[in-house]
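The values are calculated or read from the model by the stated rules, or taken from the named source; none is laboratory data. Remember, predicted model here, so these are calculated numbers, not experimental data. Don't worry about glycine lacking a Cβ; one is built from the backbone with ideal geometry, like all the others, and counts go over all protein chains shown. All accessible areas refer to the heavy atoms of the entire protein, side chains included, with ligands and DNA or RNA removed. Shrake-Rupley method; radii C 1.70, N 1.55, O 1.52, S 1.80 Å.
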Amino acid sequence: MSAAAASPTFRIVHTVCSHDCPDSCGVLVTVDSDGRAIKVAGDPKHPVTQGFLCGKVAKYLDRVYAPERILFPLRRKPGVGKGPLVKGREHEAFERIGWDEALDAIAARLKNIADEFGPESILPYSYAGTIGVLGFGSMDRRFFHRLGASQLDRTICSEAGGVAWNLVYGKKLGTPTEDFRLARLIVAWGANIHGNSVHLWPMVEQARRNGARLIVIDPYRTRTAALADWHIAIRPGTDGALALGMMHVILNEGLEDKAYIAEMTHGLELLAERAREYTPERVSAWTGMTAAEIEQLAREYALTQPAAIRLNYGVQRTENGGTTVRAIAMLPALTGAWKYRGGGGQLSTSGAFKWDEDALRRPDLALASPLGRLARVVNMSELGKALAEQGSGVRGQGSEAGEDGPPVKALFVYNSNPGAVAPNHNAVKRGLARADLFTVVHELFFTDTTDYADYILPATTFLEHTDVQGAYGHYFVQLSQQAIDPPGEARSNVWLFSQLAERMGFEEDCFRDSEIDLIKAALAIGPDGHSTRPQMEHVTIDGLKRHGHIPLAFHSDPEGRPFQPYLAGPLATPSGKVEFYSEKLAAQGLDPLPAFVPPVESRFGEAAQRYPLEFLGRKADNYMNSTFANLDGHRRMEMRTRQRLEMHPSDAAQRGIAEGDAVRIWNDRGELRLTAMINASLPAGVVAGKLDWAKLSAGGANVNALTSERLTDLGAGATFYSTLVEVGKEQG
Ligand SMILES: Nc1nc2c(c(=O)[nH]1)N[C@H]1C(S)=C(S)[C@@H](COP(=O)(O)OP(=O)(O)OC[C@H]3O[C@@H](n4cnc5c(=O)[nH]c(N)nc54)[C@H](O)[C@@H]3O)O[C@H]1N2
Ligand SMILES: Nc1nc2c(c(=O)[nH]1)N[C@H]1C(S)=C(S)[C@@H](COP(=O)(O)OP(=O)(O)OC[C@H]3O[C@@H](n4cnc5c(=O)[nH]c(N)nc54)[C@H](O)[C@@H]3O)O[C@H]1N2
Ligand code: SF4
Ligand SMILES: [Mo]
């Protein structure tokens with residue numbers, strides 16, 4: 001790279017990987033004199049990126065310059081029905097049109113639909129195709145607020161865990177990623193570090209070189225689990241019981257940190273009374289661990305400091321996921337692990353980034369919409385219900401009118417591939433196939449979702465637009481600068497919604513804001529050029545341009561003190577303390593203390609009589625949810641387990657299934673066809689498959705054909721990992 005930097009014919013541009021990953025890597029893009037990106041590399045100066053990229057993004061130019069990228073606006077040809085298209089031949093269903101024609105036609109159609117059915121009949125659907133602050137939610141939110149479109153409750157990923165963590169600590173902060181290297185014990189609790197946030201791994205390795213142990217709690221033997229000192233293959237959805245069992249042992253044996261508890265926490269006596277119910281013997285019957293193992297884990301956790309728990313979002317994708325995260329989050333407060341640098345825990349660091357969201361998203365524009373108020377809210381994890389035929393299904397909550405509001409008549413998808421990632425795929429598919437539903441999709445590739453679009457608009461990669469970004473796995477603000485021109489007529493999310501606003505006749509100046517204007521709004525840049533947001537007062541646009549990344553203020557304490565969250569109060573909870581007991585939950589009529597309630601869709605539920613196997617439709621190590629799954633190079637890296645159903649030898653034997661057999665997996669919601677792969681490291685009764693594109697899978701269905709729209713106990717999130725199925729050998 002230094003040779004390239006020295007050469008006048010190359011430029012190196014600082015960008016930020018905007019995929020939905022905790023690591024938010026600084027990415028240096030080398031651009032040649034023709035304006036073509038020729039290399040991507042991890043920023044060696046970024047303390048978390050440390051100069052390397054994950055396997056997915058190391059091959060990023062395969063995605064940027066993929067021959068199958070969508071380069072022009074497209075319109076469905078008259079008479080061509082909506083539904084799965086053959087990969088590589090999607091073009092045949094669409095005709096190329098110009099941007100002007102596309103924008104005019106879409107604006108006109110949205111106006112008609114708003115007039116006839118009310119603007120709430122328009123549903124934006126977006127998630128984390130990009131987690132850049134602008135790309136994720138800025139001009140788009142302004143546009144939909146002003147229009148009066150339904151609001152989307154973005155619950156599909158992290159809501160249960162986020163709500164739970166905030167109930168305990170008030171804010172999503174955690175042990176700095178760099179400090180994990182100082183831990184003596186690391187517990188990866190439903191967190192696939194090696195696959196999903198690989199930049200934590202070097203810290204884990206360094207800690208282990210200094211004698212730390214790594215314990216992984218995951219029903220599936222991930223790469224992380226295979227490398228652990230102790231892999232606990234817990235039964236899905238039973239982690240809450242384990243956390244309560246650990247509390248039982250810790251309190252029983254007096255291993256709690258009385259000083260930290262007295263100074264920093266609220267409700268220990270009540271929690272202790274609750275924890276008494278969770279004897280190791282009871283917890284053993286749920287989790288599949290022995291009572292001795294539960295005791296050993298509790299003792300090792302409480303007696304080793306610094307001890308750090310890496311949670312991430314795996315455990316909260318179960319019906320009881322909110323309470324589970326709440327219970328686990330209490331452990332470092334019980335043992336005082338926060339007091340030791342390198343100890344504590346991390347679910348997410350996102351609470352540290354206080355962007356000026358009101359300035360960026362302008363919810364006040366809803367007052368200028370035909371509704372004159374904020375629109376109703378529709379839960380994205382219930383898309384199937386929201387798109388059900390008129391007169392049925394969930395229509396949404398939160399409308400001031402107190403009614404459900406109109407059926408969804410238009411769906412505007414960007415930053416997401418609901419045709420692959422949303423739960424209850426068959427219900428979603430039925431909705432998307434409705435002839436009366438007007439669907440626009442802003443995308444880079446022909447996905448499971450674009451197959452149902454009336455219009456497809458070409459979108460950009462993070463190399464092709466400017467953005468600013470925080471992270472949910474570190475504490476650095478970063479500027480992502482546009483490195484190359486977008487190919488063809490691809491355009492960014494900001495550009496698209498600014499243009500659409502103009503066609504709709506929205507006259508507010510804010511719709512003409514440039515990317516830099518929006519970045520200034522997000523940072524609330526003051527008259528002296530500095531951000532006025534907490535912990536970002538030292539951040540300037542020039543500084544970002546110069547350095548690429550800037551640590552948040554508390555992370556780089558001027559007196560050199562390392563950042564340790566929850567060391568001193570008051571916290572942002574109602575009591576100002578770490579809350580073992582939550583008056584807030586009590587006021588909502590909910591259990592103020594954590595308790596273990598087995599998921600309905602688990603071996604402990606009634607449905608297990610018909611569907612006795614617990615199914616985990618997991619993420620792929622070499623894709624990003626459904627992103628990259630269409631690229632040959634990435635698919636090759638997934639070869640070993642792609643289109644496989646992994647099952648325990650005893651479950652296979654009971655069904656006469658052998659390695660390599662074609663199997664059918666089904667429940668009331670759908671079915672799936674995969675190839676059996678025997679895996680003795682899974683708990684008996686648990687089977688596992690992987691998220692892929694439906695249209696690239698046998699039978700045109702992916703794992704979400706089996707998952708349900710049931711919601712989590714807190715946060716109304718998706719419950720991908722609470723799914724029961726039966727499996728049989730394919731005949732003939
Ligand atoms: N390579 C890659 N990286 C990614 C992603 C990707 O798809 N691929 N996705 C990104 C996104 S969107 C997110 S949210 C993060 C998420 O990162 P993680 O939080 O790590 O999320 P998951 O992979 O969903 O779940 C982690 C692990 O939880 C396990 N698990 C499932 N049920 C249970 C349970 O009941 N108890 C316990 N203890 N474990 C359980 C799964 O087997 C899985 O290995 O990763 C991001 N990074
Ligand atoms: N069975 C099962 N289902 C799951 C999960 C699971 O573990 N198992 N994980 C869940 C989780 S944690 C999450 S976060 C969701 C993720 O769901 P999504 O957020 O939908 O994630 P992706 O599958 O990555 O799809 C993002 C899409 O956005 C597009 N995109 C990228 N950048 C841009 C851009 O700048 N503009 C526009 N307009 N589009 C862009 C990409 O090409 C891609 O097709 O999936 C959930 N679904
Ligand atoms: S996906 Fe994650 S690990 Fe990979 S480059 Fe992007 S931020 Fe880094
Ligand atoms: Mo996610």
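Observations
- Of the whole protein surface, residue 39 contributes about 80 Å² of accessible area at a 1.4 Å probe radius.
- Stokes-Einstein diffusion coefficient of the range 448-498, Kirkwood radius over Cα pairs, 4 °C, 1.567 mPa s, in µm²/s: 100 µm²/s
- Radius, Kirkwood style, for the range 261-345 when every pair of distinct Cα atoms is counted (Å): 14.1 Å
- Each of 252, 378, 195 was scored by the projection of its Cα onto the charge dipole of the chain, and the greatest displacement toward the positive side belongs to 195; charges sit on the C-beta of Lys, Arg, Asp and Glu.
- Helical mean residue ellipticity (222 nm; -39500 (n - 2.57) per DSSP H run of 4+; nearest 500) of the chain: -7500 deg cm²/dmol
- Distance violations [Cα-Cα > 19 Å] among 45/520; 56/354; 82/429: 45/520; 56/354
- Kirkwood Rh and Cα Rg combined as Rg over Rh, evaluated for the range 203-359: 0.97
- Between the listed residues 46, 14, 97, the Cα displaced farthest toward the positive end of the dipole of the range 1-113, a dipole computed from Cβ unit charges relative to the Cα centre, is found at 97.
- For the chain, a crude dipole built from +1 on the beta carbon of Lys and Arg and -1 on the beta carbon of Asp and Glu, taken about the Cα centre, is about 1340 debye to the nearest 20.
- When the Cα convex hull of the range 635-692 is projected onto planes of every orientation, the mean area is 4.3 nm².
- Put simply, the Cα atoms of the range 559-616 extend 61, 33, 12 Å along their principal axes, the longest span coming first.
- Taking one quarter of the surface of the convex hull spanned by the alpha-carbon atoms of the range 101-218 gives a direction-averaged projected area of 10.7 nm².
- Unit charges on C-beta of K, R, D, E only; dipole of the range 1-147, Debye: 220 debye
- Applying the Karplus relation 6.51 cos²θ - 1.76 cosθ + 1.60 with θ = phi - 60° to the range 595-607 yields 3J(HN,Hα) values of 9, 9, 10, x, x, 4, 8, 8, 4, 8, x, 5, 4 Hz, where x marks Gly and Pro.
- Of all DSSP beta bridges in the range 606-729, antiparallel share, percent nearest 5: 65 percent
- For residue 309, the amide hydrogen comes within under 5 Å of the amide hydrogens of 187, 344, 345, 346, counting only partners 5 or more places away or on other chains and with H modelled in the peptide plane.
- Largest-first principal axis extents of the Cα set of the range 52-139 (Å): 53, 34, 25
- Inter-part distance where the range 69-128 and the range 346-372 are each reduced to a Cα centre, Å: 27 Å
- Nonpolar atom fraction for the chain, defined as the carbon and sulfur part of the 1.4 Å probe accessible area, stands at 50 percent.
- Rg and Dmax over the alpha-carbon atoms of the chain stand at 25.1, 74 Å.
- The Cα-based radius of gyration and maximum Cα-Cα distance (Dmax) for the range 451-566 are 17.5, 58 Å.
- Candidate lysines - alpha carbon under 21 Å from residue 584, same-chain residues fewer than 8 apart omitted: 171, 172
- log₁₀ of I(q)/I(0) at q = 0.17, 0.19 Å⁻¹ - the range 606-729, Debye sum with one point per alpha carbon: -0.86, -1.05
- Assigned charges on the beta-carbon of Lys, Arg, Asp, Glu; the range 606-729 dipole about Cα centre (debye): 360 debye
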